[in-house]
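Below is one structure, written out as structure tokens, with a few remarks after it.
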Amino acid sequence: MNTFLNRRGRQTTSLRDPSPDTTSGSASPPDTGVDISSTDYAHRRRELMKMMADLKSMGAEALIDLPSVVVIGGQSAGKSSLVEAVSGINVPRDSGTCTRCPMECTMSSHATSWSCSITLRMSFDSNGKDMAKTITVPFGRTITDRNEVEVWLRRAQSAILNPNLPSSSFHTKTIEELRSAKNTLKFSRNVVCVSIEDPDATDLSFYDLPGLIQNEEAETVALVKGLVEHYTQKKNTIILTTIPMSDDMENQQSMSLARAADPDGKRTIGVLTKPDTLGAGAINQRKKWVEIIEGHSEDHKLRHGFYCVRLPDDAERSQRLSRAELQRRAAEYFDTTSPWNGVTDRHRFGIPGFVSDVSRLLIQLIEEALPRLREDIDKLLAQCNKEFDGLPPPLANDPQIEVLGRVNTFCDVFKGYVNGSHENKRLAQQNRALYAIFKRDIRGTAPDFRPFEKPEEYAPLDDTEGKMTLTERDPGVKTMGIYEISKVIQEAIGWELPNNVPYQAKANLITGFIKLWAAPSERCLAGVNDVLDQVIDTLIGIHFGRFRVLEGYVGNLIRTQVDICKALAKEAVKKALDLETTPYYTQNTHYLQTLSEKWLAYYKVVRHIPNRAPLAYESVYRSEPPESKALRALAEAGYTNLSIPDLARLLPPDSREKELIVMADVRAYYHVAYKRVIDHIPLTIEHALHHALAEQLSQSLLTSLLTDVASGSNFSERMNELVSEDPSVAQKRASLSTRKQRLSDIRRRLVTFGNNV
């Protein structure tokens, strides 16, 4: 292919009949005077144009960027006259905006006589949204009289602008009726397709877009501009912008839009119109335009340059002169009028050279784009197949089998979650975390006994392992020292013998921490309930989500049963906590006795540690407990293998022995009960909630399902209703199926193109 630019970017030559080019796949003959319509190049050109027409009729333009040519221009720029000169037909003309939808004009020279046919390509609905499938509607009959084309184009545009009416209702309307009618839409992106068979034409296809306007309503101006931008922004689009030479280039909105879409000017061609409006005295203007045409203007450079055409005026149009006569007059004008007759590249003047070059450029663009188009279609088809395969297949089973099968599978999977099977550990793992928090909270209710007269001045002594932080202590726990314990004892004394500590004193202290266990238990159960809800909702979505009616119906049955088990579990937890109230009892007496002795010795030792500073005790204790330091000192003196109870026996009698015994016994019982309840409550929840639900769910669901469904008038209809497919899924499957077929057809047309030429 010949290029339009040399390396400096200067326009040097226009496209001519190229020599055969084996590298590009073209087989174009040299310019030898042979009728190129009968050459191999002409044959391939016709096949390429036919393929493009087929792809457009399939709706490919909405999916991939097809090579195309668009004609844009402002009102009174000569755009309509240019379209008429190129196509050889008359297009509608009116004051104001006449063209209100794109017109695609396809010309073919492969004919022995002139004819024209019109179709409507409907790719968008009345709201301007893409339709699932492009519809091509034949409009009227084949036209053999050029003078009838204009009225048929008006009729076709009216049919496009009134999609709610049958297109056939416009076939007989007159121009006056069409002008006076009020259209449903102001503009449309649907296309009037004009196919012209003309033995004197050059094979070419282009879009004629509505003329750019500035002096109408803002909404109308924006609609036209948006339509033009929709076409010009496509990277495979050649932009033909009409520029009247009677005005400055800088004033042309079409040129501004072309620059915005094609800033480097690689796919824009300027078509200069109305050269005969420049008077003899407009010397500077003529000189400026000559520089632009010759490619010497630094401000206005396009890769494919500018063409200058003289189009018929109103008087010449009224004479209905032949195309040959109009082209002869234009050629005579350019050959005899200065300064145009002084321009070396004569191919830059007149319609024939312009049309020939644009035709060849379009064919070149199509040839180069074919591999990319195939790749784009393959990617779109692969994505479409992926989305299609991701949808659930249409229901194949009997509805009753489908419903019961899904219920049974749901129940089996939920049992797996409850039992913590290898595949379904989520419920067990989350609940174990909640039970660990429950254990920490119960540990935080340990009695805060400090065996001192001023307990607030000393650090807590109830965490012998150093694992609890002050922030983990339950706010309901009160710090109690010697005096506080003595008061509890005194308040509990009834008819006890002297020096006997009443049982009720210890019972009251035990009650103090037992009553704090209700809140952690409730929080634990609430957390477990939340996890259960999440698991149930997830499983309902997985097993029933495909069928919205079934999901809603069975989901309500499941959640009802879950709520019943939650209520039973709440009652079971309450009963489990009630077991920890009076009587306070354990058969683990050996453990209880050991703990009591340990705590009594511990309390005695910490009361008699010499040189122990209040408030500083915590830091001392954290580094090395004083009792440990004392045992280490005794070991260094030769008294080895001693324990805290041994250390306590070395101490003198304590006047507060009675209070220390109460502290030790209560603290020991707390530890026994703590060990018991941190297992009992989680096990109660597991059995009363999860296992009970897992055991009852299947029978409950099937009973409720069969009872409710069978009570209806038509069992079969109800089962069909339950597994009726979500309309959105069915709609998406149909849409993807249509798109898949559409893409497959387009791919087949692209792939098989080479075999047909």
For segment 199-213, give me the residue count where each residue is of a type in the set (D, E, K, R) and either open to solvent by less than 10 Å² (accessible area, probe 1.4 Å) or closer than 19 Å to ALA53 by Cβ (or both). 2
Taking segment 691-728 and keeping residues farther than 27 Å from VAL418 by Cβ, open to solvent by 30 Å² or more (accessible area, probe 1.4 Å) and in a helix (DSSP H, G or I) leaves ALA710, PHE715, SER716, GLU717, ARG718, ASN720, GLU721, PRO727, SER728
Quick test for you: out of MET249, MET255, MET245, pick the one residue that is free of Cβ contacts under 8 Å to residues at least 24 places away in the same chain, in contact with a helix residue (DSSP H, G or I) (Cβ under 7 Å, 6 or more places away or on another chain) and crowded, with 16+ Cβ neighbours inside 10 Å. MET255
So which residues in segment 268-324 are of a type in the set (Ser, Thr, Tyr) and in contact with an Asp or Glu (Cβ under 7 Å, 6 or more places away or on another chain)? THR268, SER297
Out of all the residues in segment 461-494, which are over 14 Å from LYS506 (Cα atoms), at pLDDT 90 or above and either under 60 Å from the mean Cα position of the chain (by Cα) or open to solvent by 60 Å² or more (accessible area, probe 1.4 Å) (or both)? ASP474, PRO475, GLY476, VAL477, LYS478, THR479, TYR483
Which pairs turn up if I take residues in segment 565-583 that are under 20 Å from ILE510 (Cα atoms) and look for partners that are surrounded by fewer than 19 Cβ atoms within 10 Å (Cβ to Cβ) with beta carbon separation below 7 Å, at least 6 apart in sequence or on another chain? ALA576/HIS680; LEU577/ALA518; THR582/ALA507
Is there any pair linking a residue in segment 679-690 that is within 12 Å of TYR435 (Cα to Cα) to one that is among the aromatic types (Phe, Trp, Tyr) and open to solvent by less than 60 Å² (accessible area, probe 1.4 Å), with Cβ under 6 Å and at least six apart or on different chains, and which? PRO682/TYR435
Taking the stated definitions as given, is ALA159 small (Gly, Ala, Ser) and crowded, with 17+ Cβ neighbours inside 10 Å? yes
Of all residues in segment 559-607, count the ones that are part of a helix (DSSP H, G or I), among the aromatic types (Phe, Trp, Tyr) and open to solvent by less than 40 Å² (accessible area, probe 1.4 Å). 3
For ARG154, indicate whether it is of a type in the set (D, E, K, R), open to solvent by 10 Å² or more (accessible area, probe 1.4 Å), modelled with pLDDT of 90 or more and not in a loop (DSSP other than H, G, I, E, B). yes
Scan segment 366-418 for residues that are over 21 Å from SER68 (Cβ atoms) and aliphatic (A, V, I, L, M) and jot them down. LEU381, ALA382, LEU391, LEU395, ALA396, ILE401, VAL403, LEU404, VAL407, VAL413, VAL418
With respect to ASP208, is the statement that it is modelled with pLDDT under 90, closer than 30 Å to SER109 by Cα and of a type outside the set (Lys, Arg) true? no
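The values are calculated or read from the model by the stated rules, or taken from the named source; none is laboratory data. It should be emphasised that the depicted structure is a prediction, and the values quoted were computed from it without experimental measurement. Glycine gets a Cβ as well: all are built from the backbone with ideal geometry, and neighbour counts include every protein chain shown. Note: areas computed on protein heavy atoms with side chains; ligands, DNA, RNA excluded. Shrake-Rupley method; radii C 1.70, N 1.55, O 1.52, S 1.80 Å.
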